[in-house]
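Q: If you scroll down you'll find the structure; I have some questions about it.
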Amino acid sequence: MWYETPTDLDSFFFSSLDKYEELIAPTGDENFDKFSKRFYRKNLAQRKQELVRTMKVSATKRALLEDFKSNISDYEMRASEHNWPYQTIEERERNLSIYNFLCANLNTVTRKITLNRLTKEYFEAKNELIAIESVSQDESRKRKLSDLKMADIFYRSLERTFLNYLKAHPLTEFAKKYNLSPRTYNRDFFDSHIKEIKSLNPRRSQEPSK
């Protein structure tokens, strides 16, 4: 093969790492930064519709549980067989589904856990929706998505080199500090330890301190 990924972190790796760090730099909007890395891979219009549906379902289920006693009595009656002749198939299936959901949350503790989960789902969807809407309202957000797309291209090369480095140098202080190996490595680790990875640059470590 005319080219093999190096097993040492060379100058090309560190110059690429500088550019990668610049491309993924946070905007300062924590909510946008949380969700934006995966935006460009998605159809945002479609994703908005999915998030609106998620919020609607979560809010509906929360309302059912918040007025639990009244609702379980109501849906027990709606789901009973003697009321089936007065319902369409769709209504019958919906009433049974809601009744089964309420029955699955009979226990107070279970109900509290479900309410907490639904609240988290609702606000997670709401915050992602806010982040998506900001893309159409701010040109800098669109440019950031382009930067993140470019960052993925840089990362693919960085990852190959860094994994080869870990394989060839499993006993470095850095690897031992984090019990790091190709098996335990992932991109989240890479992104959150860029400053330390930069310090592995032998040229930088040889520079006189200012």
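The values are calculated or read from the model by the stated rules, or taken from the named source; none is laboratory data. Predicted model only: the values in this text are computed from it and were never measured. For neighbour counting, all protein chains shown are included, and Cβ atoms are generated from backbone atoms with ideal geometry for every residue, glycine included. Areas reflect the complete protein model, heavy atoms only, side chains present, ligands, DNA and RNA absent. Shrake-Rupley method; radii C 1.70, N 1.55, O 1.52, S 1.80 Å.
Q: Once you've got the Cα coordinates, tell me which of Lys56/Lys144; Lys42/Lys198; Lys19/Lys48; Lys42/Lys149; Lys37/Lys142 are over 20 Å apart.
A: Working: Lys56/Lys144 30 Å; Lys42/Lys198 31 Å; Lys19/Lys48 31 Å; Lys42/Lys149 12 Å; Lys37/Lys142 12 Å.
Result: Lys56/Lys144; Lys42/Lys198; Lys19/Lys48 exceed 20 Å.
Q: So, for the chain, what is the accessible surface per residue at a probe of 1.4 Å, expressed in square angstrom? If you can, show how the numbers build up before the last one.
A: Numbers: 14070 Å² over 210 residues.
Spelled out: the 1.4 Å probe surface of the chain, per residue, equals 67 Å².
Q: If you split all Cα-Cα distances of the chain into 10 Å bins from zero, what percentages do you get per bin, shortest first?
A: 7, 22, 20, 18, 15, 10, 6, 2, 0
Q: At q = 0.16 Å⁻¹, what log₁₀ I(q)/I(0) does segment 50-154 have when each alpha carbon counts as one equal point scatterer in the Debye sum?
A: Once normalised to I(0) and log-transformed, intensities are -0.79.
Q: Starting from segment 1-97, pick out the chymotrypsin sites (Phe, Trp or Tyr not before Pro) whose DSSP state is loop and whose Cβ has at most 15 other Cβ atoms within 10 Å. It would help to have the intermediate numbers written out before the result.
A: Details: sites: Trp2, Tyr3, Phe12, Phe13, Phe14, Tyr20, Phe32, Phe35, Phe39, Tyr40, Phe68, Tyr75, Tyr86; in loops: Trp2, Tyr3.
Taking segment 1-97 and a limit of 15 other Cβ atoms within 10 Å, the loop chymotrypsin sites (Phe, Trp or Tyr not before Pro) found are Trp2, Tyr3.
Q: Take the chain, connect every pair of alpha-carbon atoms lying under 10 Å apart with a spring to form a Gaussian network, then pick out the residue of Leu64, Leu158, Leu96 with the largest mean-square fluctuation.
A: Comparing Leu64, Leu158, Leu96 in the GNM, the peak value goes to Leu96.
Q: Now for a different question. With a 1.4 Å probe and all protein chains left in place, how much of the accessible area of segment 68-201 comes from carbon and sulfur atoms, in whole percent? Can you show the working numbers first?
A: Values: 4500 of 8550 Å².
Roughly 53 percent, rounded to a whole number.
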